[in-house]
Amino acid sequence: MLSIALVLAPIALAVVPPLMDQVEPKHVERFALRQGLALTPSNGDRVLTYIRVTRRWRSLGLVFGLLVVLAGFTAESIVLRPLPVFLGWFAGVLVAEVRLARARPSGRGDLGLRLVPPAVALLWAAGAVAAGTLACYGMVRYLRFGTDAAALPWAAGVATVVTAVPVLLRGLRTRPLTDEPADRVAAEIAARSRSAHVLAAGGAVAALWCGFRSMPPDTLAASILLVSLVVPFVALVMGTHSWRPVPRAHREHRWAAPATAVATVTAAVALGVVLAWSVPAPRSPDAVTWSAPEGREETSSRPIAHAALPECGTRLTFRRCAAWELFSVDEGPDDPGTSVMALQAATFAGRHGPLPRPAPFALSGDGFHAVYLHARTRRMVHQDLRTGVRHDLTGPLADAELPVPVLSHDGRHAALTTSGPGTGTTRLVSTGGGRGVEVPGIARVLGVGSRGFTAVTLPEGDKAELVTVGPDGAVRTRVPFDPAPAAGLFPDGRRLLVLTENGEAATVDPATGKTVRKVKIRVELSEFGDAPELLGWDAHGRFLTRLDLDDADDELRLVDPATGKASEAEGISLNESHRFPVLGKVDPW
């Protein structure tokens, strides 16, 4: 719905202001009733101007808040979020008050009036301190643990509100009044009082909502619900209550406002730091957090045959219930493998919205190593599945920067390829640590080994190249290559297997591009079926492939690349209740 929101935005800019400038008599009468103002022919224009300016900007902010909610709608999810709507409205409040302040006389003084009742002032003070405390808690938590980066913009929102509101309130109290008739002066004081009500009550709600959003989602769920439901109604009642400004008992000293501001900020920061330091550190991601199915022991001693995401929930709830499940190899028909859950691995590339593709996840050919996107840190990490030792391979990544990982057979090397329109870069790293090297112009990595990696370049025109890259990132050879067929390196990294659509398996020297051997896969393929798909290698040098067969339901076959002989892949199966399978160790019975 983003495109629709972008189209409606300029229409709103053109339509809303003229509509809101049409003030009806009942609006003026309601204003006078709330402020205890006696309307006269002399001060009516002052009230009318005030109502027009505030209605115009508040309505614009409200409409743009609604457009933000509309932009977040997707075909799979329609969520009504009140926070953007309210924050848009309050942003309009701030803009309107700035516009009104610029039209007032400059200078400093003291009206000597109480523009809002003590209850509203207390609501604002309590809301500002609480919001500042929560924002400081989120900031300190991020600085201590490097978690919850989403708290930063909400903390910035709190800082904006608790800074802008006191400045505007002070301007309402201290800007001098013009030398005019008493009824016009009374109208100006009434307008300032109404502005102070809206700023204090609305600012308390805006600051608190931003402050709670800067907290971890599950920390204070009950408090968030209470504030979300109760405080806005309290603020609405207080902000719209009839009130006529009254003289203050004594004039405040010049240093009173700065001292109060310093004390408030100090209290909020101190409470936030104490609260953040009192919580324990999150569980280290270096520890394996497996969760085995009920009735089975947790284990990582067996190599992993494949990983997949389970079918659960609906498209609206799938993201919350799914986790990568890793299935170990079967030792035989009487000794089936177990499964474990990689709860720390991100499931989908996007953290919000539709589910276009699974998050990056790869297994090594020996079944003991995994590379995945860490759900909390948003870094690509390598995990030794036997010991649980983890190494970061990248820094935090945005959704558009997520790479396609490829692991060497022994899991010691990994290639991370990030592609975009017309661009592609592969980062070759050692999974044990150390700096990596980057190679531009790569479209797809076909395999990784101790001698570097083999890949297909981005096509220039209609031509692509097969390149071999050394461990230092230097391109050693380039030869023309057709990128359409399925292809992959042998486990030793010295030869390349290419599967053609007509069922041939060609062994190619990746350095020269010459075919060393070509055999026909000895099975009956469907005439109009899909091309063979290369899935992995077993310990005997046979490759596992998925074939479109005429007379068999099981399409997985083990094929000898030297003879083309195909045999059934006994003991190798992909769980039908799962999606997006990732192959690891190929270990038939």
*Do we find a residue being open to solvent by less than 50 Å² (accessible area, probe 1.4 Å), part of a strand (DSSP E or B) and among the basic types (K, R) anywhere in the range 548-566?*
yes
*Name, by its number, the condition in (1) open to solvent by less than 10 Å² (accessible area, probe 1.4 Å); (2) of a type in the set (V, I, T); (3) farther than 16 Å from A362 by Cβ that does not hold for T377.*
(1)
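So how many residues does the range 409-438 have that are of a type in the set (G, A, S) and either touching a Pro at 6+ places or on another chain (Cβ under 9 Å) or assigned to a strand (DSSP E or B) (or both)? Write out each step before concluding.
So in the range 409-438, the residues of a type in the set (G, A, S) come out as 411, 414-415, 419-420, 422, 424, 430, 432-434, 436.
Restricting the remaining residues to those that are either touching a Pro at 6+ places or on another chain (Cβ under 9 Å) or assigned to a strand (DSSP E or B) (or both) gives 414-415, 419-420, 424, 430.
Adding up the residues that qualify gives 6.
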*Selection count where residues are open to solvent by less than 50 Å² (accessible area, probe 1.4 Å), not hydrophobic (A, V, I, L, M, F, W, C) and not in a helix (DSSP H, G or I), scope the range 5-23*: 1
*the range 383-396, residues that are open to solvent by 10 Å² or more (accessible area, probe 1.4 Å) and either among the acidic types (D, E) or under 29 Å from D330 (Cα atoms) (or both)*: D384, R386, T387, V389, R390, H391, D392
*asked:* Just to verify a result, which residue in the range 96-123, among those that are touching a Leu at 6+ places or on another chain (Cβ under 8 Å), modelled with pLDDT of 85 or more and hydrophobic (A, V, I, L, M, F, W, C), is most open to solvent (accessible area, probe 1.4 Å)?
replied: V98
*asked:* Cβ-Cβ distance below 6 Å, separation of 6 or more or different chains: which pairs start in the range 23-43 with a residue that is under 16 Å from T240 (Cα atoms) and end on one that is open to solvent by 50 Å² or more (accessible area, probe 1.4 Å) and at pLDDT 85 or above?
replied: A32/L39
*asked:* Just to be sure before I move on: is L33 over 44 Å from the mean Cα position of the chain (by Cα) and in a helix (DSSP H, G or I) in the structure I sent?
replied: yes
*Matching residues, the range 74-84, being modelled with pLDDT of 75 or more and open to solvent by less than 40 Å² (accessible area, probe 1.4 Å)*: L83, P84
*Of the residues that make up the range 529-547, is at least one part of a loop (DSSP other than H, G, I, E, B), of a type outside the set (S, T, Y) and in contact (Cβ under 8 Å) with a residue 60 or more places away in the chain?*
no
*Any idea which of (1) under 18 Å from the mean Cα position of the chain (by Cα); (2) open to solvent by less than 50 Å² (accessible area, probe 1.4 Å) is the one R357 doesn't satisfy?*
(2)
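Only residues that are among the aromatic types (F, W, Y), open to solvent by less than 30 Å² (accessible area, probe 1.4 Å) and in a strand (DSSP E or B): list them for the range 463-522, please.
none
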_Count of the range 442-462 residues which are within 17 Å of S419 (Cα to Cα), open to solvent by 10 Å² or more (accessible area, probe 1.4 Å) and of a type in the set (S, T, Y)_ = 1
*Going by the conditions given, is V185 part of a helix (DSSP H, G or I) and under 30 Å from L13 (Cβ atoms)?*
no
*From the residues in the range 300-329 that are touching a Gly at 6+ places or on another chain (Cβ under 9 Å), in a loop (DSSP other than H, G, I, E, B) and modelled with pLDDT of 75 or more, which one is farthest from A539 (Cα to Cα)?*
R302
*What's the number of the condition R435 fails, among (1) in contact (Cβ under 8 Å) with a residue 12 or more places away in the chain; (2) of a type outside the set (S, T, Y); (3) within 28 Å of G584 (Cα to Cα)?*
(1)
*asked:* From the list G138, G127, G92, exactly one residue is within 23 Å of A5 (Cα to Cα), open to solvent by less than 30 Å² (accessible area, probe 1.4 Å) and assigned to a helix (DSSP H, G or I). Which is it?
replied: G92
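Okay, residues lined up against (1) closer than 23 Å to W243 by Cα; (2) in contact with a helix residue (DSSP H, G or I) (Cβ under 8 Å, 6 or more places away or on another chain):
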residue: L87; (1), (2): no, yes
residue: F90; (1), (2): yes, yes
residue: A103; (1), (2): no, no
residue: P117; (1), (2): yes, yes
residue: A121; (1), (2): yes, yes
residue: G127; (1), (2): yes, yes
residue: A130; (1), (2): no, yes
residue: L134; (1), (2): no, yes
residue: G138; (1), (2): no, yes
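Output the number of residues of the range 111-128 satisfying the condition of being of a type in the set (A, V, I, L, M, F, W, C) and free of Cβ contacts under 8 Å to residues at least 40 places away in the same chain.
Going through the range 111-128 one residue at a time, the tally reaches 1.
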*Considering the range 330-344 alone, what residues qualify as being buried (at least 22 other Cβ atoms within 10 Å of the Cβ) and either of a type in the set (A, V, I, L, M, F, W, C) or modelled with pLDDT of 85 or more (or both)?*
V340, A342
*Sort through L66, L87 and tell me the only one that's under 18 Å from V198 (Cα atoms), open to solvent by 30 Å² or more (accessible area, probe 1.4 Å) and under 22 Å from the mean Cα position of the chain (by Cα).*
L87
*asked:* Going through A126, A156, A135 one at a time, which residue ends up being closer than 14 Å to G211 by Cβ and modelled with pLDDT under 85?
replied: A135
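The values are calculated or read from the model by the stated rules, or taken from the named source; none is laboratory data. Small disclaimer: the values here were computed from a predicted structure and weren't measured. FYI the Cβ positions are ideal-geometry reconstructions off the backbone, even for glycines, and counts take in every protein chain you see. Protein only, heavy atoms only, side chains kept; ligands, DNA and RNA dropped before computing areas. Shrake-Rupley method; radii C 1.70, N 1.55, O 1.52, S 1.80 Å.
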